[in-house]
């Protein structure tokens, strides 16, 4: 399986990237992906392109991840449905702005879309997260484990390593036992360094509680905003969820927050600002993923993150 890090001699890296991404300005942004830091300043920084470490994984990446699965289902999402030209413009803009973290899933069908944009970028300057759908549906017949799925993901992304692989959309507290084989195979893949970190995407309060304490979990994808409850796509009242996330962080888990804007229900400027401030000033997450669909939404999110006041 080809490793993008070795796809082009270093002496022609600039010429190669300029050729495949005309006008994108992407090469100029790549050093910024390495250099941005979240420590050492006199005030707390919550910038989206700050580099942060995800829990105990050792993975350093941007605080903001570009989501690719807004309203995703059956290997499709609003991101993929807008077509490759619009998707390419969006992702290139995110990369140019220092967003090095790509949030994908088999459910979204976004792997080939991302692959075509990141081709030629040094692999160690990107963080690729994907998720395995483990329930049989009309569009997928799961293997029952993880090896087959991860091998396919690597082919679809043209990469040797998936940085983070999650069990997708767990909706009850028995997920750890129900999907023991998936967990075991992900652990084996992690041992082989095919996957760097493993974990779970939670859509249930009980599932969230288990993930917060289970020693297997490196990273949790958790729904969190300042409003809470089903109306805002969370797994419980805001303080109950926040308490679980605090426990998870004490246990060394990396937390990637999702539904920061309530799955599109917190759209007013003051609502977005309040949610970002709540999540970051209370130390509930390491990073957030937001399904921005246009370059303008990327710029708006980055500006709002820069403006979050210090705790």
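Taken together, the values in this text are just the output of simple stated rules run on the coordinates, not laboratory data. All figures in this text were calculated on a predicted structure; none of them were measured in a lab. Neighbour counts run over all protein chains shown; Cβ positions are idealised from the backbone, glycine included.
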query = In this structure, does residue 251 turn out to be under 24 Å from residue 146 (Cβ atoms) and either touching a strand residue (DSSP E or B) at 6+ places or on another chain (Cβ under 7 Å) or surrounded by fewer than 20 Cβ atoms within 10 Å (Cβ to Cβ) (or both)?
reply = yes
ask   = Just wondering, is there one or more residues in region 214-222 that are in contact with a strand residue (DSSP E or B) (Cβ under 9 Å, 6 or more places away or on another chain) and surrounded by fewer than 18 Cβ atoms within 10 Å (Cβ to Cβ)?
value = yes
ask   = Failed condition for residue 230, given (1) surrounded by fewer than 19 Cβ atoms within 10 Å (Cβ to Cβ); (2) more than 14 Å from residue 249 (Cβ to Cβ); (3) touching a helix residue (DSSP H, G or I) at 6+ places or on another chain (Cβ under 9 Å), with all others met?
value = (3)
inquiry  = I need a count of the residues in region 260-311 that are under 18 Å from residue 50 (Cβ atoms) and not in a helix (DSSP H, G or I).
reply    = 16
request  = Please list, ordered by first then second residue, the pairs with beta carbon atoms under 8 Å, 6 or more apart or interchain, first in region 232-247 and free of Cβ contacts under 8 Å to residues at least 60 places away in the same chain, second surrounded by fewer than 15 Cβ atoms within 10 Å (Cβ to Cβ) and outside any helix (DSSP H, G or I).
outcome  = 232/265; 233/265; 242/282; 246/283
